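Read-outs: derived from the displayed coordinates by stated rules, not from any lab. Not measured: the values here are computed from a predicted model. Neighbour counts are summed over all protein chains in view; Cβ atoms, including those assigned to glycine, are modelled from backbone coordinates with ideal geometry.
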Amino acid sequence: MNATVRTGGCLCGAVRYSVRGEPVHVGRCHCADCRKESGSAFTVYAQWPVDACEITGEVSSYAGRGFCGRCGSRLLDPVDPDDPLIEIRIGSLDQAPFDLTPQDEVWVKRREKWIAPVEGAAQHDENR
Ligand SMILES: [Zn+2]
Ligand SMILES: [Zn+2]
């Protein structure tokens with residue numbers, strides 16, 4: 001059986017990646033750091049096993065947050081050797097919509113009033 005392969009990358013194309021199989025977790029976060037790093041009101045991310053992910057190109061990082069040093073697109077969190085999972089900002093996937101639905105929503109207390117909760121997602125006032 002062939003696993004689903006999804007591809008993604010930054011806006012300028014200098015960094016590309018692929019992820020194989022379904023993510024082990026999908027979440028949406030409204031925290032203050034996610035707002036700053038994304039320039040948006042929330043982030044949507046998913047985690048895959050490290051060995052399911054392949055990356056080409058150079059990922060720059062700041063405080064554990066990986067991005068393209070050329071165009072600035074936020075992409076993924078560079079992993080340490082013992083990390084089992086890699087976290088990816090799934091707005092960087094090529095497929096739009098990406099058809100992955102958050103199971104958890106965190107830092108709900110910072111969610112804008114005009115943003116509806118994700119139907120069926122566990123709601124957490126702060127971290128889960
Ligand atoms: Zn780029
Ligand atoms: Zn956050």
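Could you work out the equivalent-ellipsoid semi-axes for the chain, taking the square root of 5 times each eigenvalue of the Cα gyration tensor, largest first, in whole Å?
They are 23, 18, 14 Å, listed largest first.
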Total formal charge among the other residues, if their Cβ is under 12 angstrom from that of GLN47, Lys/Arg +1 and Asp/Glu -1: -4
For GLY66, list long-range residues whose amide hydrogen, built 1.01 Å from N in the peptide plane, is under 5 Å from its own amide hydrogen. LEU75, LEU76, ASP77
Cβ under 13 Å from CYS71's Cβ, CYS71 left aside: what net charge do those residues give with Lys, Arg +1 and Asp, Glu -1? +2
Can you list the HN-Hα couplings for the range 52-64, worked out from phi with the Karplus curve (6.51, -1.76, 1.60; θ = phi - 60°), rounded to whole Hz and with x for Gly and Pro? 8, 10, 10, 10, 10, x, 9, 9, 7, 8, 9, 6, x
Give a residue-ordered list of calculated ³J(HN,Hα) values for the range 44-50 (Karplus: 6.51 cos²θ - 1.76 cosθ + 1.60, θ = phi - 60°; whole Hz; x for Gly, Pro). 10, 9, 9, 10, 10, x, 3
With unit charges on the beta carbons (Lys and Arg positive, Asp and Glu negative) and the dipole taken about the Cα centre of the range 5-123, which residue among GLY72, PRO49, ALA121 sits farthest to the positive side? GLY72
Furthest towards positive pole of dipole, PRO84, GLY39, ALA63, structure part the range 1-125, Cβ charges: GLY39
Per the helix-only model, the chain has a calculated mean residue ellipticity at 222 nm (DSSP H runs of ≥4, -39500 (n - 2.57) each, divided over all residues, rounded to the nearest 500) of -1500 deg cm²/dmol
Please compute the net charge surrounding THR101, taking Lys and Arg as +1 and Asp and Glu as -1 over other residues with Cβ under 13 Å from its Cβ. -4
For the range 75-128 and the range 24-55, what is the centre-to-centre distance using only Cα atoms, to the nearest Å? 5 Å
Rounded if a/c is under 1.5, else prolate if a/b beats b/c, else oblate: with a ≥ b ≥ c from the C-alpha gyration tensor eigenvalues square-rooted, which is the range 16-64? oblate
